[in-house]
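The values are calculated or read from the model by the stated rules, or taken from the named source; none is laboratory data. All figures in this text were calculated on a predicted structure; none of them were measured in a lab. Because the Cβ atoms are built from the backbone with ideal geometry, glycine has one as well, and the counts that use them run over all protein chains shown. In case anyone asks, the SASA skips ligands and DNA or RNA and just uses the protein heavy atoms, side chains included. Shrake-Rupley method; radii C 1.70, N 1.55, O 1.52, S 1.80 Å.
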Amino acid sequence: RRQRQMCIRDRASTILARHVYPEIVAILQAEALALAACLASTLKFDGVFTLQAKGDGLVKTLLADMTSDGAMRGYTAFDGDAPLPVVDDMASAMPANLPALMGGGYAAFTVDQGTENGRYQGIVELAGETLSDAAQAWFANSEQVDSTIIAAAGCENGVWTATALMLQRVAADGGRAGASEDGVTDASLDRAAQDDLWHTAKTLMESVRRDELVDPELDPATLVFRLFNTLQPHVAPPHKVVDQ
């Protein structure tokens, strides 16, 4: 299994400060920024990764992208005359409720390496409850790897914290072909152990609370160890993200 987390604080704050978004719209934009960074970090590319969603609700267009060098930007277009969902409900949700904000539509995930054959895109319907659901559907279709993703964002004293956390099941080294006297192979035993480990990791991830994900004082490494300490996680060096 592999855990990836992207926590964006200063970057989300500076990007959102340039716009006058209602709080619930800003939460969705901040989640998109964190998801774009998290998903981009799983891919090997030299160019731009883009998350873009179109809807027929309050939010018409949602954009977040990041280059392979860590330059990030984001933008949301919304209907200023449309009634806003109840702020208290949206603020307490983990994460933002996508149907309430965007209605029906689609999300496109694009990797553009700037060459004729270096661009590919996956499109999914906005069928889930969250933007994380759309990202998870895209990743399952494109990479065909078991994964679960969650994102949340919040603002405290004018400083935004946007966090995306993704858990992936990666292929283990091949099992041995030997079989015991009862016909059970070592490979099948390995598979059973892997299934159990994957279930444990998902259960641990599902225990994360919104206040942990948006806590400006809780650094990513501490959160990873808090959630997965029984699985002895290793935390890699962080990637630099810049507002550019």
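See the values below:
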{"item": "Looking only at the range 1-17, and only at residues there that are β-branched (Val, Ile, Thr) and crowded, with 19+ Cβ neighbours inside 10 Å, the one that is modelled with the highest pLDDT", "result": "Ile15"}
{"item": "Members of the range 51-76 found to be open to solvent by less than 30 Å² (accessible area, probe 1.4 Å) and more than 17 Å from Pro99 (Cβ to Cβ), listed by number", "result": "Leu51, Ala64, Asp65, Met66, Gly70, Ala71, Met72, Gly74"}
{"item": "Residue within the range 72-90 that is modelled with pLDDT of 90 or more, out of contact with any Gly (no Cβ under 6 Å at 6 or more places or on another chain) and closer than 25 Å to Leu223 by Cα present", "result": "yes"}
{"item": "Filter result for Gln144 (polar (S, T, N, Q) and farther than 12 Å from Leu39 by Cβ)", "result": "yes"}
{"item": "Selected residue (only one of Ala172, Ala192, Ala187 is modelled with pLDDT under 85, open to solvent by 30 Å² or more (accessible area, probe 1.4 Å), out of contact with any strand residue (DSSP E or B) (no Cβ under 8 Å at 6 or more places or on another chain) and in a helix (DSSP H, G or I))", "result": "Ala187"}
{"item": "Subset of the range 109-161 that is acidic (Asp, Glu) and touching a strand residue (DSSP E or B) at 6+ places or on another chain (Cβ under 9 Å) - its residue that is most open to solvent (accessible area, probe 1.4 Å)", "result": "Glu125"}
{"item": "Every residue from the range 34-89 that is outside any helix (DSSP H, G or I) and out of contact with any strand residue (DSSP E or B) (no Cβ under 7 Å at 6 or more places or on another chain)", "result": "Lys44, Asp46, Gly57, Ser68, Asp69, Gly80, Asp81, Ala82, Pro83, Leu84, Pro85, Val86"}
{"item": "Residue in the range 28-40 that is at negative phi and open to solvent by 10 Å² or more (accessible area, probe 1.4 Å) present", "result": "no"}
